[in-house]
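To start, the structure under review is shown below, and the notes come after it.
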Amino acid sequence: MNAVTQMAQTARPAFGTVLAEHMAVARWHDGAWSDCEIRPTGPIEIHPAAHVLHYGSTCFEGFKAYRWSDGSINVFRMDRHIERMRQSARALVMPEPGAEQLAGMVRAVIDRCRATVPEAPGALYLRPVLFGTTANIGAAATPSSEATLVVLASPVWDYFAGGAKPLRIFVDDVNTRTASHIGMVKTGGNYAAALGPTLAARQRYGVDQVLFCPGGQVQETGAANFVLVGEGQLLTRSLDPSFLHGVTRDSLLRLARDSGFEVEERVFHVEEMLERIRDMEAALSGTAAVLAGVGTLVYRGAEHRVGTGETGPITRRLRAALVAIQQGEAPDRYGWLTRV
Ligand code: COI
C-alpha cells in the first residue's frame with residue numbers, strides 16, 4: 001500500500017490537500033496534442049512569461065469517481081464534465097481537448113490510482129486543468145499557442161470542514177463574482193474574484209461562503225450553486241452565462257422533477273429569498289459541496305435563520321437520493337455513471 005493510499009484510508013484529509021501519486025499530462029504544440037504521459041504527481045516547469053501567469057488562460061473541471069460496495073469504480077457524469085471543460089476552453093480561446101482524449105486521460109489516472117479511491121462516503125476527485133504556456137508577455141490580446149493539460153486526482157471527503165453542520169452564508173448584493181459573460185466558464189479567475197469578498201465576510205461575520213446577488217438578483221456562491229427547496233418545490237436561478245451551470249445542480253433538478261417537485265428556474269431577488277426561507281430550506285449544490293444545508297443568511301448586518309436553522313429534511317432527502325445513485329445503492333436510471 002503506498003503512502004497516499006494509507007493516508008486516505010486512515011485519515012480524512014481536508015478536501016484537495018492529498019493528491020494521488022500519478023497524474024496524466026498532455027501538451028498542445030504546433031497545433032496538435034501530444035500523447036498522454038502518466039507520471040508521478042509533482043511540479044511542472046513553466047516559463048515565468050507563460051500566458052496563464054499573466055493573462056489567466058486556464059480552466060478546470062471537478063468530478064468524482066466512487067468505489068461501490070462490489071469493488072467497482074464508477075465516475076459520475078464524466079461526459080457532461082468533459083463537455084463543460086471543452087466549452088470553457090472554447091470560451092477562453094484555448095486549445096480544446098478532444099472528448100475521447102480527456103476521457104482517456106481520466107481513465108488512465110484512475111487506472112494507476114485504483115487503490116487510492118476511498119470507500120464511501122469518500123470519493124476520488126478528478127481535476128483536469130488546462131493552461132496556456134506560450135512565453136510572451138505581450139500576448140494580452142492574443143491566445144496562447146501552446147498549452148498543457150493535466151489530470152490530477154485526490155481522495156476526498158467533505159468539502160465544508162463542518163461536515164453536516166448547516167452553513168452560514170453572507171448575502172452580498174454589492175460585489176459580483178465575475179464578469180457577466182464568463183461566469184459559466186470554470187476558470188480560476190472567477191474563484192480569485194470571489195476570494196476577497198469571501199475572506200472579508202468570513203472575518204467580519206464568521207460565514208462559510210458568500211452568496212453573490214448582483215443587483216439584488218440571487219446568483220451563486222463562490223464555490224457552489226444555490227437552491228431553495230420546500231415540500232414538493234424547488235426554486236433556483238435560471239441558467240444564463242453569468243454563473244456556473246452546475247452538473248450537480250442539473251442532476252438535482254432532474255431528481256426533484258422526477259420525484260414530483262415543481263421546479264422553478266427563474267430570476268429571483270434577495271427580498272423574495274428572505275421571505276421564502278421562513279418555510280423553505282436553502283442549500284448549496286456542487287461536486288465538492290454535494291448538497292449542503294444552509295442554516296443562516298447574513299444580510300446587511302442582520303441574521304436570518306433558514307427554517308429551524310438546521311439542515312432540513314427535504315435537503316437531506318434529496319442529498320441522500322443523489323448520493324445513493326453515485327454510490328451504486330440506487331439504480332442508475334439516467335445513465336449517469338461510467339464504470340472504469
Ligand atoms: C467543485 O465543486 O468541483 C468545484 O470545482 C468547487 C471547488 C471550489 C472545489
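The values are calculated or read from the model by the stated rules, or taken from the named source; none is laboratory data. These numbers were taken from a predicted model, which means no experiment stands behind them. Reconstructed Cβ throughout: ideal geometry from the backbone, glycine too, with neighbour counts over all protein chains shown.
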Quick one: how many residues across the range 58-86 are touching a Pro at 6+ places or on another chain (Cβ under 7 Å) and either more than 16 Å from the ligand (Cβ to nearest atom) or in a helix (DSSP H, G or I) (or both)?
3
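How many residues does the range 212-234 contain that are aliphatic (A, V, I, L, M), outside any loop (DSSP other than H, G, I, E, B) and within 15 Å of the ligand (Cβ to nearest atom)?
Of the residues in the range 212-234, the ones aliphatic (A, V, I, L, M) are 218, 223-224, 227-229, 234.
Next, from what is left, pick out any that are outside any loop (DSSP other than H, G, I, E, B): 227-229, 234.
Applying the additional criterion that residues be within 15 Å of the ligand (Cβ to nearest atom) yields 227.
Selection size over the range 212-234: 1.
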All but one of (1) β-branched (V, I, T); (2) more than 16 Å from the ligand (Cβ to nearest atom); (3) out of contact with any strand residue (DSSP E or B) (no Cβ under 6 Å at 6 or more places or on another chain) hold for V290, so report the exception by its number.
(2)
Every residue from the range 241-287 that is more than 13 Å from the ligand (Cβ to nearest atom) and of a type in the set (S, T, Y):
S242, S259
Selection status of R319, of a type outside the set (A, V, I, L, M), in the same structural domain as M184 (by TED's automatic domain parsing) and farther than 25 Å from P214 by Cα
yes
Looking at the range 51-81 only, could you name the residues that are within 30 Å of A141 (Cβ to Cβ) and hydrophobic (A, V, I, L, M, F, W, C)?
V52, L53, C59, F60
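Suppose the filter is closer than 25 Å to L291 by Cα and not assigned by TED's automatic domain parsing to the domain that holds R27; does T116 pass it?
Criteria not met by T116.
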Condition test on T134, is it at negative phi, polar (S, T, N, Q), surrounded by fewer than 22 Cβ atoms within 10 Å (Cβ to Cβ) and touching a helix residue (DSSP H, G or I) at 6+ places or on another chain (Cβ under 7 Å)?
yes
Between R202, R237, which is more than 15 Å from the ligand (Cβ to nearest atom), basic (K, R) and either assigned by TED's automatic domain parsing to the domain that holds G309 or closer than 24 Å to E310 by Cβ (or both)?
R237
First in the range 219-240 and closer than 15 Å to R319 by Cα, second anywhere and within 16 Å of the ligand (Cβ to nearest atom) and modelled with pLDDT under 95, Cβ under 7 Å, 6 or more apart
A224/A289
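Report the residue count in the range 245-268 for those that are among the hydrophobic types (A, V, I, L, M, F, W, C) and part of a helix (DSSP H, G or I). So that I can check it myself, show each step before the final result.
Filtering the range 245-268 for residues among the hydrophobic types (A, V, I, L, M, F, W, C) gives 247, 252-253, 255-256, 261, 263, 267-268.
Subsequent filtering for residues that are part of a helix (DSSP H, G or I) retains 247, 252-253, 255-256.
Summing the residues that are among the hydrophobic types (A, V, I, L, M, F, W, C) and part of a helix (DSSP H, G or I) in the range 245-268 gives 5.
Kindly evaluate A194 against the criterion of being among the small types (G, A, S), within 16 Å of the ligand (Cβ to nearest atom) and at pLDDT 95 or above.
Numbers: among the small types (G, A, S): yes; within 16 Å of the ligand (Cβ to nearest atom): yes; at pLDDT 95 or above: no.
No; evaluated as a whole, the condition is false for this residue.
One line per residue, one yes/no per condition, for (1) touching a Lys or Arg at 6+ places or on another chain (Cβ under 7 Å); (2) under 23 Å from E61 (Cα atoms); (3) not small (G, A, S):
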position	(1), (2), (3)
A200	no, no, no
Q217	no, no, yes
A224	no, yes, no
E231	no, no, yes
L239	no, yes, yes
L252	no, yes, yes
The number of residues in the range 305-324 that are outside any loop (DSSP other than H, G, I, E, B) and without any contact (Cβ under 8 Å) to a residue 60 or more places away in the chain is 7
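Residue-by-condition table, conditions (1) over 15 Å from L126 (Cβ atoms); (2) of a type in the set (V, I, T); (3) surrounded by fewer than 20 Cβ atoms within 10 Å (Cβ to Cβ); (4) free of Cβ contacts under 8 Å to residues at least 24 places away in the same chain:
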| position | (1), (2), (3), (4) |
| --- | --- |
| I38 | no, yes, yes, no |
| L53 | yes, no, yes, yes |
| F60 | no, no, yes, no |
| W68 | yes, no, yes, no |
| G71 | yes, no, yes, yes |
| D79 | no, no, yes, no |
| E83 | no, no, yes, yes |
